[in-house]
Each structure stands twice: as C-alpha cells, then as structure tokens.
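See structure below.
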Amino acid sequence: MLDTIPPMSSEASRVTAEELTRLLDETIPLSRMMRVRIDHVDQNAARLTLPGSPDWVRAGGTLSGPAIMTLADTAIYAAVLARIGLEPMAVTADLSVRFLRRPAPTDLHAEARVIHLGRRNAVAEVELWCDDRARIVAHATGTYALP
C-alpha cells in the first residue's frame with residue numbers, strides 16, 4: 001500500500017497541475033463536471049480532490065461508488081501523465097476498486113503513484129480518503145495502455 005512510498009516531493013513531473021487540469025477539462029467532460037481538482041503532482045505521485053457535493057451522495061448518505069471510481073481513475077491518469085507527459089490517448093485498460101469503509105459525504109481525496117512504467121502500459125495504485133488520511137475508504141489499482 002502507499003504507506004511505504006515517500007511523501008510528496010518537489011521533484012518535478014513532466015507536466016504541471018495546470019496543464020493536467022487543462023487537459024482534463026478539454027478531453028474528459030465528466031472530470032470538468034465533477035470539478036476534480038489536482039492538488040499536487042510530481043514524479044512520485046499525484047494528489048487530487050473531488051469536492052463534496054450532494055450530487056455524489058447516494059441513498060444512505062454516503063459517497064457513491066461511481067464518484068469514488070471516477071476519482072480513482074482520474075488520479076491514476078494524472079500520476080501516469082506526470083511520468084510520461086501530456087498524452088491524451090493513454091487510456092484505462094483495467095481498474096479494480098476495493099471499497100473499505102463507508103465514506104462521509106464530504107471532500108474525497110486521492111493519492112496515486114505509478115508502480116510500474118513500461119513501454120506499452122503503466123500500472124498504478126491509489127488510496128482514497130475523506131477527512132482522515134489514516135482511514136482509507138477505498139484502494140484501487142489500475143493499468144493504463146500507452147500509445
């Protein structure tokens with residue numbers, strides 16, 4: 001899990017948070033609609049936030065699975081692009097999410113890191129939490145196909 005990775009560093013990524021945000025806004029309308037925010041990106045990881053909204057809450061007063069999966073996938077995409085540069089044709093080949101506890105209907109945070117980068121694919125993992133980083137609400141792994 002991400003407990004063993006170094007903290008976010010200042011080591012520059014191949015893209016800035018502003019460039020990633022622009023790419024998401026231009027190529028993935030769902031991210032724009034959900035107002036996903038890129039908080040930090042470097043060569044080690046990407047940290048994103050899905051701002052809390054009643055639109056992401058399901059019956060029972062918890063964040064919906066689709067909202068959690070969207071943030072996980074977007075965080076992995078950001079981490080991959082931080083390593084390879086702006087490449088809009090890098091696409092999700094696999095995404096697996098484990099829901100660990102009921103998330104509060106508030107801001108959802110994600111931190112993703114690439115654990116394998118090859119010529120044809122990248123594999124990453126992401127942890128998601130609400131108010132307390134120590135109380136992970138979901139863990140995801142994903143593979144991106146690289147053009």
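The values are calculated or read from the model by the stated rules, or taken from the named source; none is laboratory data. In this text the structure is predicted, and so the values were computed from the model without any measurement. Counting neighbours? That spans all protein chains shown, and the Cβs are built from the backbone with ideal geometry, glycine included.
Could you list, ordered by first residue, the pairs with Cβ atoms under 7 Å in which the first is in segment 91-112 and farther than 12 Å from His139 by Cα and in contact (Cβ under 8 Å) with a residue 40 or more places away in the chain and the second is among the aromatic types (Phe, Trp, Tyr) and part of a strand (DSSP E or B), at least 6 apart or interchain? Filtered contacts from segment 91-112: Val91/Tyr144; Thr92/Tyr144; Ala93/Tyr144.
Taking Ala104, is it over 25 Å from Val15 (Cα atoms) and of a type in the set (Gly, Ala, Ser)?
yes
The condition of being within 18 Å of Thr143 (Cα to Cα) and β-branched (Val, Ile, Thr) holds for only one of Thr74, Thr21, Thr27, Thr16, that being Thr74.
So that you can scan it fast, the table gives a plain yes or no per residue for (1) buried (at least 18 other Cβ atoms within 10 Å of the Cβ); (2) over 22 Å from Pro29 (Cβ atoms); (3) at pLDDT 95 or above; (4) of a type in the set (Phe, Trp, Tyr):
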| residue | (1), (2), (3), (4) |
| --- | --- |
| Thr74 | yes, no, yes, no |
| Pro88 | no, no, no, no |
| Glu111 | yes, yes, yes, no |
| Trp129 | yes, yes, yes, yes |
| Val137 | yes, yes, yes, no |
| Thr141 | no, yes, yes, no |
| Pro147 | no, no, no, no |
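Scanning segment 1-28 for residues that are at pLDDT below 65, over 22 Å from Thr92 (Cβ atoms) and aliphatic (A, V, I, L, M) gives a single hit, Met8. Residues in segment 94-101: is at least one surrounded by fewer than 19 Cβ atoms within 10 Å (Cβ to Cβ), more than 15 Å from Tyr144 (Cβ to Cβ), of a type outside the set (Gly, Ala, Ser) and at pLDDT below 95? No: zero hits.
Of all residues being touching a residue at least 12 places away in the same chain (Cβ under 8 Å) and part of a loop (DSSP other than H, G, I, E, B) in segment 119-141, which is nearest to Gly65 (Cα to Cα)? Just the residue, please.
Our first condition is that a residue be touching a residue at least 12 places away in the same chain (Cβ under 8 Å); within segment 119-141, this holds for 119-131, 133, 135-141.
Next, only the ones that are part of a loop (DSSP other than H, G, I, E, B) stay: 119-120, 130-131, 133, 135.
Details: Arg119: 31, Arg120: 29, Cys130: 14, Asp131: 18, Arg133: 19, Arg135: 17 Å.
So the residue we want is Cys130.
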